[in-house]
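The values are calculated or read from the model by the stated rules, or taken from the named source; none is laboratory data. Every value quoted in this text rests on a predicted model; they were computed, and no experiment measured them. Glycine also receives a Cβ, built like all others from the backbone with ideal geometry; neighbour counts cover every protein chain displayed.
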Amino acid sequence: MAARRPYVRPMDGWWRRDRFFLKYMARELTAFFVVAYALVLLAGVIRLSQGRGAFEGWLDGLRSGWSVALHLVLLAVFLFHTYSWFSIMPKTMPPLVVSGHRVPAWAITAAGLACAGVASIALFLAFAGRPR
Amino acid sequence: MKRSTQPPFWLLFGAGGMLSALVGAMLVFLTGIAAPLGLFGAGTAFTYERAAAFAHQPLGKLAVAAVIALFLWHGAHRIYHTLHDFGVRLNAFTWLACYGVALAGTITAAVALAVV
């Protein structure tokens, strides 16, 4: 047996080797939670189209402890998604130049987070602000 | 020259990522926590009347469809490309498992909203 056995660097668990890769993986895995929330809403829309009884069954489901626990997890993951989305935005968008100076990364991130804050407050007021 | 099919998927990924980053956390809080627990009294009560009235307006339909569809396309694109990082071979099956779910969800949401 004279076969060559060249060293091949194993790639198993490559993303656990480095903090940078861990952050990358955490950011990518938020996608599963975004899909999960979309499916919860999709179920609600299907139930809504089936009439009052069906929709109220879906609402009862939302009131269960499991659902509230799931949404607490979703909330934490979505907050992380908001943070990570705007922290990588300086790298994913083309360079922004204002009066000859490149806008620094932190300013882009801060502007994005500020937009998210304003949009969220507007949504909250639209949903909860009107007394009925 | 063969054209890449990537731009439309990337666009949907970006739009969904931006929408979920802007209002996703607040949506989860309102629909999944505040409304079911009645945290802010009658104003946030989630009732059949309120949901149906919202989904009857064209803009309401558009908003609900946009959230569901864009969140699904965002997730599908990201999961598909992350599978590769875990050493999963990308083929027609994995493509369908990701983008097919997003497409089916989009069509289902559109049909349900049209019926509402």
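Here B:ALA52 fits the description: in contact (Cβ under 8 Å) with a residue 40 or more places away in the chain and either more than 8 Å from chain A (Cβ to nearest Cβ) or in a helix (DSSP H, G or I) (or both). B:GLN57 passes every criterion in (1) closer than 24 Å to A:ALA36 by Cβ; (2) more than 16 Å from the chain's Cα centre (by Cα) apart from (1). For the list (1) at the interface with chain B (Cβ under 9 Å from one of its Cβ atoms); (2) part of a helix (DSSP H, G or I); (3) not small (Gly, Ala, Ser), I need the number of the one condition that A:ASP12 fails. Just one mismatch for A:ASP12, condition (2).
I'd like the residue in region B:1-17 that is closer than 30 Å to A:LEU62 by Cβ and touching a helix residue (DSSP H, G or I) at 6+ places or on another chain (Cβ under 7 Å) and, out of all such residues, is surrounded by the most Cβ atoms within 10 Å (Cβ to Cβ). Out of the qualifying residues, it is B:GLY16. Looking across region B:24-41 at every residue that is aliphatic (A, V, I, L, M) and either within 24 Å of B:VAL116 (Cα to Cα) or assigned to a loop (DSSP other than H, G, I, E, B) (or both), the one that is farthest from the chain's Cα centre (by Cα) is identified as B:LEU39.
For region A:26-52, residues that are of a type in the set (Gly, Ala, Ser) and in contact with a Lys or Arg (Cβ under 9 Å, 6 or more places away or on another chain) total 1. Restricting B:TRP95, B:TRP73 to residues that are part of a helix (DSSP H, G or I) and buried (at least 21 other Cβ atoms within 10 Å of the Cβ) narrows the list to B:TRP73. Within region A:89-112, the set of residues being aliphatic (A, V, I, L, M) and buried (at least 17 other Cβ atoms within 10 Å of the Cβ) comprises A:MET89, A:ILE108.
Looking for something of a type in the set (D, E, K, R) and out of contact with any helix residue (DSSP H, G or I) (no Cβ under 7 Å at 6 or more places or on another chain) - is there at least one such residue anywhere in region A:87-95? Looking for residues that are of a type in the set (D, E, K, R) and out of contact with any helix residue (DSSP H, G or I) (no Cβ under 7 Å at 6 or more places or on another chain), one finds at least one in region A:87-95, hence yes. If only residues of region A:15-54 that are modelled with pLDDT of 90 or more and not in a helix (DSSP H, G or I) are counted, the one that is surrounded by the most Cβ atoms within 10 Å (Cβ to Cβ) is A:GLN50. Could you look through region A:75-84, keep only residues that are without any contact (Cβ under 8 Å) to a residue 40 or more places away in the chain and either touching a helix residue (DSSP H, G or I) at 6+ places or on another chain (Cβ under 8 Å) or surrounded by 15 or more Cβ atoms within 10 Å (Cβ to Cβ) (or both), and pick out the one that is nearest to B:GLY14 (Cα to Cα)? Only one residue fits best here, namely A:THR82.
Every listed requirement among (1) under 20 Å from B:GLY17 (Cβ atoms); (2) within 9 Å of chain B (Cβ to nearest Cβ); (3) among the small types (Gly, Ala, Ser) is met by A:ALA128 save one, (1). When each of A:VAL73, A:VAL68, A:VAL77 is tested for being over 12 Å from B:MET18 (Cα atoms), of a type in the set (A, V, I, L, M, F, W, C), part of a helix (DSSP H, G or I) and in contact with a Pro (Cβ under 7 Å, 6 or more places away or on another chain), the lone residue that passes is A:VAL68.
There is no residue in region A:94-115 that is in a helix (DSSP H, G or I), on the phi < 0 side of the Ramachandran plot, of a type in the set (S, T, N, Q) and within 10 Å of chain B (Cβ to nearest Cβ).
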